[in-house]
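Structure first, then comments.
The values are calculated or read from the model by the stated rules, or taken from the named source; none is laboratory data. Predicted model, so just to flag it, every value in this text is computed and none were measured. Here the Cβ positions follow ideal geometry from the backbone for every residue, glycine too, while neighbour counts run over all protein chains shown.
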Amino acid sequence: MTETVLISPSRYVQGKGVMGQLGHHLARIGSKPLLVADDVVWGIVGDGVTEALGQADLPVARESFGTFATAAAVDHLVEVIGSGGHDVIVGIGGGSAIDAAKSAGHLAKIRWASVPTAASSDAPTSALAVIYTEEGEFVEYRFFPHNPDLVLIDTQVVASAPARFLVAGIGDALATWLEARATQRGQGSTMAGGRPTHTGTALARLSWELLWGNALEALDAVRAGVVTPALEAVVEANTLLSGLGFESGGLAAAHAIHNGLTAAPQTHGLTHGQKVNLGSTTQLVLEGAPSEELEDFIVFTTRVGLPNTLTEVGLSPDDTAELRAVAEAATVPDETIHTMPFPVTADLVVDALVAVEGISRRVRSEHGLPEPELYVARH
């Protein structure tokens, strides 16, 4: 019998102003929380978080965080948990702070919660973390026996964040259905540990449908700093549905190519979702997707503001050494690219990456869309 698996967070809370209820929800799972947030995030939400915890008679202890979830950052948080006697750790902010909190909570054997301040990725709901080097290169996935005990996302906070964060989340979430359907067609396992359930695959598709129907209007809302039904739909798609869909539906080529791109210094500074979107475009080329589907994807993601060319991630078809390094990293034996329903080699990935440049430029020109601008990483 083939095993299918669906996993999810214990409680998901979304809505305008729900940050004020954080203490109430945390009190269900612990009495001495450790809050993990960088200085910028804390400057934005610190007062509100402090007030919310005070209303629930919970102490406020905040540990600052850097840029990436590194092994050293996780080990430091474990030490802080032990010395402070904390029984729940709360990652506040972006995906790396949340991943570091999850990793430390697991190692310290306490509960953990995710409080994203932007809908920029699907990391908050998952039972895994991505560990990077100090320079931002992918190192490994770390898997945990359960998902977060709480995920809480305030859509007014999301509406007040820069629109580029929502764009990044859309790029991450658009990959969910493309990868889930590829996994369903193949024989590989999901991050949940078995074959995809029909539920996981359906949730991945729902995420895709909500994004195509609401993404542009949601970006308008964020640029105006307001919460609308379109924004609520996209936040749910980016955070909850994409999270459930990727874990229980499956990852494939798009995220493997993202991981490979982190090895190219030219791409450093781009968001996770930006690199994933190039991976999604490349996956469509790899699998020989119908021309109409590929063209629609290029047009839509260009309008959203996501990269679909090598140029927009700092590379070119002439960067043969870098493209080979990306492809080799994307096709190491344990990568998710091997859940594709056909064998994928580094040579195939290189060819697809090169082809993407010309295809996207042609489609954008035919639809009167802007030419891609060269991304230059800050070093």
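Below, the figures for the structure above:
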| item | result |
| --- | --- |
| Residue, nearest to the chain's Cα centre (by Cα), within segment 307-317, restricted to residues that are crowded, with 17+ Cβ neighbours inside 10 Å and outside any helix (DSSP H, G or I) | Pro307 |
| Residue list for segment 276-296, filter: aliphatic (A, V, I, L, M) and either more than 18 Å from Tyr141 (Cα to Cα) or surrounded by fewer than 24 Cβ atoms within 10 Å (Cβ to Cβ) (or both) | Leu278, Leu284, Val285, Leu286, Ala289, Leu294 |
| Residue check, Ala289 outside the structural domain of Arg185 (by TED's automatic domain parsing) and of a type in the set (A, V, I, L, M) | no |
| Residues located in segment 162-190, provided they are of a type in the set (A, V, I, L, M, F, W, C) and surrounded by fewer than 20 Cβ atoms within 10 Å (Cβ to Cβ) | Ala163 |
| Ser242, sole failed condition from (1) of a type in the set (Ser, Thr, Tyr); (2) in a loop (DSSP other than H, G, I, E, B); (3) closer than 30 Å to Glu3 by Cβ | (2) |
| Matching residues, segment 59-100, being small (Gly, Ala, Ser), crowded, with 22+ Cβ neighbours inside 10 Å and in contact with a Gly (Cβ under 9 Å, 6 or more places away or on another chain) | Ala69, Ala73, Gly91, Ser96, Ala97, Ala100 |
| Qualifying residue in segment 297-306 (condition: aliphatic (A, V, I, L, M), in a helix (DSSP H, G or I), surrounded by 15 or more Cβ atoms within 10 Å (Cβ to Cβ) and touching a His at 6+ places or on another chain (Cβ under 7 Å)) | yes |
| Residue identified as over 18 Å from the mean Cα position of the chain (by Cα), in a strand (DSSP E or B) and in contact (Cβ under 8 Å) with a residue 12 or more places away in the chain among Ile44, Ile89, Ile29, Ile81 | Ile89 |
| Residues satisfying the stated conditions in segment 101-116, i.e. in contact with a helix residue (DSSP H, G or I) (Cβ under 8 Å, 6 or more places away or on another chain) and crowded, with 24+ Cβ neighbours inside 10 Å | Ala101, Ser103, Ala104, Gly105, Trp112, Ala113, Ser114, Val115, Pro116 |
| Selected residue [farther than 20 Å from Val235 by Cα and surrounded by 16 or more Cβ atoms within 10 Å (Cβ to Cβ)] from Leu6, Leu22 | Leu6 |
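Listed here are the residues, each with its yes/no results for (1) under 24 Å from Thr331 (Cβ atoms); (2) assigned by TED's automatic domain parsing to the domain that holds Asn308; (3) crowded, with 22+ Cβ neighbours inside 10 Å.
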{"position": "Ala202", "(1), (2), (3)": "no, yes, no"}
{"position": "Glu209", "(1), (2), (3)": "no, yes, no"}
{"position": "Ala218", "(1), (2), (3)": "no, yes, yes"}
{"position": "Ala237", "(1), (2), (3)": "no, yes, yes"}
{"position": "Leu240", "(1), (2), (3)": "no, yes, yes"}
{"position": "Ala256", "(1), (2), (3)": "yes, yes, yes"}
{"position": "Ala263", "(1), (2), (3)": "yes, yes, no"}
{"position": "Gly269", "(1), (2), (3)": "no, yes, no"}
{"position": "Gln274", "(1), (2), (3)": "yes, yes, yes"}
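One line per residue, one yes/no per condition, for (1) in a helix (DSSP H, G or I); (2) free of Cβ contacts under 8 Å to residues at least 24 places away in the same chain; (3) among the hydroxyl-bearing types (Ser, Thr, Tyr):
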| site | (1), (2), (3) |
| --- | --- |
| Ile131 | no, no, no |
| Arg142 | no, no, no |
| Leu152 | no, no, no |
| Ala168 | yes, no, no |
| Thr176 | yes, no, yes |
| Thr183 | yes, no, yes |
| Arg205 | yes, no, no |
| Ala233 | yes, yes, no |
